[in-house]
Amino acid sequence: MVRLFGQMKRKKTFPVVIIGAGPAGLTAAYELSAHNCKSLVVEKDSKYVGGLAKTMRFKGFRFDIGGHRFFSKNREIENLWTEILGKEMLVKKRLSRIFYKKKFFDYPLKPLNALKNLGVWVSITVCLSYIWVRFFPIKNERSFEDWVTNRFGKKLYTIFFKNYTEKVWGIPAKEISADWAAQRIRGLSLKEVLINAFFGQKKEKEIIKTLTTRFRYPKLGPGMFWEKVKKIIETKSSQVLLGSEVISVNHDLKKVASLSVESNNRRVKFYGDHFISSMPLADLITCFNPEPPNQVLNAAKALKYRDFLIVVLIISKKQLFSDQWIYIHDPEVHVGRIQNFKNWSRFMVLKSEMTCLGLEYFCSSKDDLWNKTDDKIIEIAVKELEFLGLIDKTEVLSGKVIRVPKAYPVYDKEYLSRVNVIKNYLQNFKNLQVVGRNGMHKYNNQDHAMMTGLLAARNILGGTFNLWRINTDAEYAEEERITKTTGERLVPERLD
Ligand SMILES: Cc1cc2nc3c(=O)[nH]c(=O)nc-3n(C[C@H](O)[C@H](O)[C@H](O)COP(=O)(O)OP(=O)(O)OC[C@H]3O[C@@H](n4cnc5c(N)ncnc54)[C@H](O)[C@@H]3O)c2cc1C
């Protein structure tokens, strides 16, 4: 640190300055250090590296910002995970069921399991509502609700589609466009589900193929991987500066010259030959000094994000359920998913007779919930867990609330044109590359973020990769399916 500020006093420039010690930024630094190119990584978090893929600690327990599966179609990324963590990477069999009315439903849904769990009467209403819709389908399918109801009947739609979709996206299902359902639930209907269940047609195999049934996971969570990467790059004379927030990107219209950074209540300037940014694209543009043209600034300010809040609870019970996470479909509670970190890795919990849960709330920083006190949020979370029948409140030992702004970049109708405006403007700056999820406003997983970091580093080392053209092949298909046409992950659109 002393050496670093000594260098700065002499206004020594760094070969590469990287904004953000998340997967994209650290992968770039790792690749550069492997080629003896020094870099400085500037990270605003004062304690953790790994960005959204960090693992936090609370009273000796570890938890992620949502569980992070390590799975990639990209061999190079898979090999990198092995190279760095070797045997410390566990292989996990995925178990993540739907929890509804105190029952566990297989995911993807299996008709016999679903009907058995729903009971005779509800199953009869499911069948009747399906028969009804076959005779009297909704004529002009406009919304997600219309589309799914026509194929599954109103009752099944309400139980298995409406509530969870509304929790995740915060948009009434009536207002989500039907196209999204058509892409997401591609070619499926109750009839086909039943045929597949009884006659095992290949369609079901396809459906199951879209779910990753096995994945890898570091023994101590994804943060373990990123801590190790940090150590490796530091042994190669690169540096990661925590608690340092970029507040200004200083440029001369052609090149970025330096970053102004607020670090431990001091303002410092870091000069560089090359810059890589993984901070949210909107924030990067608003940090530009001098300011970009209004059109660019407005495009940046109009980019949208969905926020996320996780309530971590330590429970004095050995086992609550065996899934890594469960989807909560009951409409009476706001919680969308519940992570059970000991089922990701038993090393995540301090004591094996205890459990550490993460209750995930998809929300916006403007929502009531977000703005309540931590104590109040914990109280709500405990009440919801009790309502679901998963715990007794006396079993809760401790709780912690983590607010995650900008967890999901949102693809609304205008996002692509806005990103293009910004992209065109950034082309003026030959020594700046943007990488990663929020860095490029791409709703992708860490393997994609890592790939962009890797190739940005290779560009500095002489390569000519177009980072915007890295598609989601580095991505795995899961419940948020990927469109064939754009290669992007799907996000619902609101009806006009
Ligand atoms: C709930 C949830 C579950 C997920 N599950 C999975 C999963 O199972 N598998 C998977 O592969 N991926 C998963 N992801 C996605 C994964 O977390 C991201 O793709 C990945 O973290 C993106 O890496 P990044 O480096 O681009 O961005 P980030 O992880 O966002 O890192 C950016 C870094 O930049 C820092 N920063 C921001 N602004 C500044 C500034 N002004 N100055 C300095 N530093 C700054 C941030 O603090 C952060 O550390 C999940 C994401 C979420 C939200």
Specify which residue in the list Ile65, Ile84, Ile19 is farthest towards the positive end of the charge dipole of the chain, using unit charges on the beta carbon of Lys, Arg (+1) and Asp, Glu (-1), about the Cα centre.
-> Ile84
Does segment 268-342 come out rounded, prolate or oblate, given a ≥ b ≥ c as the square roots of the eigenvalues of its C-alpha gyration tensor, rounded meaning a/c under 1.5 and, failing that, prolate meaning a/b above b/c?
-> prolate
To the nearest 0.05, how large is the calculated FRET efficiency for Lys383 and Leu128 if R₀ is 30 Å and r is the Cβ-Cβ distance?
-> 0.30
PRE zone check, label point 7 Å out along Cα-to-Cβ of Lys102, amide N under 18 Å, scope segment 304-332, hits 320-322, 328-332
Nearest-0.05 FRET efficiency for Lys38 and Leu416 at R0 = 51 Å, using Cβ-Cβ distance, is 0.90
Quickly work out the Arg266-to-Glu83 label distance, labels modelled 7 Å from Cα along the C-beta direction, and quote it in nm with one decimal.
-> 3.5 nm
What does the charge dipole of segment 20-160 about its Cα centre add up to, to the nearest 20 debye, if the Cβ of each Lys and Arg holds +1 and the Cβ of each Asp and Glu holds -1?
-> 820 debye
State the answer as a single residue: which of Ile314, Gln427, Tyr217 lies farthest towards the positive end of the charge dipole of the chain, with beta carbon charges of +1 for Lys and Arg and -1 for Asp and Glu, about the Cα centre.
-> Tyr217
For Lys351, placing the label point 7 angstrom along Cα-to-beta-carbon and taking segment 317-341, residues whose amide nitrogen sits under 11 Å are 317-318
Of the candidates Ala457, Leu416, Pro292, the farthest towards the positive dipole end of the chain (Lys/Arg Cβ +1, Asp/Glu Cβ -1, centred on the Cα centre) is Ala457
Percent of alpha-carbon pairs separated by more than 19 Å within segment 305-409 | 41 percent
Can you bin segment 55-116 into rounded, prolate or oblate? Criterion: square roots of the alpha carbon gyration tensor eigenvalues sorted a ≥ b ≥ c, rounded for a/c under 1.5, prolate for a/b above b/c, oblate for the rest.
-> oblate
Shape call, segment 215-295: gyration tensor on alpha carbons, a/c limit 1.5 | prolate
Taking the Cα centre of segment 283-388 as origin and charging only Cβ (+1 Lys, Arg; -1 Asp, Glu), how large is the dipole, in debye to the nearest 20?
-> 340 debye
How big is the charge dipole of the chain about its Cα centre, in debye rounded to the nearest 20, if each Lys and Arg gets +1 on its Cβ and each Asp and Glu gets -1 on its Cβ?
-> 960 debye
Can you tell me the equivalent ellipsoid semi-axes for the chain? Use √(5λ) from the Cα gyration tensor, largest first, whole Å.
-> 41, 26, 21
What's the FRET efficiency of Arg57 with Phe135 using the Cβ-Cβ distance as r and R₀ = 51 Å, to the nearest 0.05?
-> 0.35
Express the relative contact order of segment 47-168 as a whole percentage, based on alpha carbon pairs under 8 Å and six or more residues apart in sequence.
-> 11 percent
Output the pairs from Lys93/Lys383; Lys366/Lys406; Lys231/Lys351; Lys102/Lys174 with a Cα-Cα distance over 20 Å in this structure; if there are none, say none.
-> Lys93/Lys383; Lys231/Lys351; Lys102/Lys174
Spacing of the two label points (7 Å from each Cα toward its C-beta) at Leu253 and Leu115, in nm = 7.2 nm
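Every number here is computed from the coordinates shown, using simple stated rules; none is lab data. Keep in mind the model is a prediction, meaning the values are calculated, not measured. Heads up, the Cβs are rebuilt from the backbone with ideal geometry, glycines too, and the neighbour counts pull from every protein chain shown.
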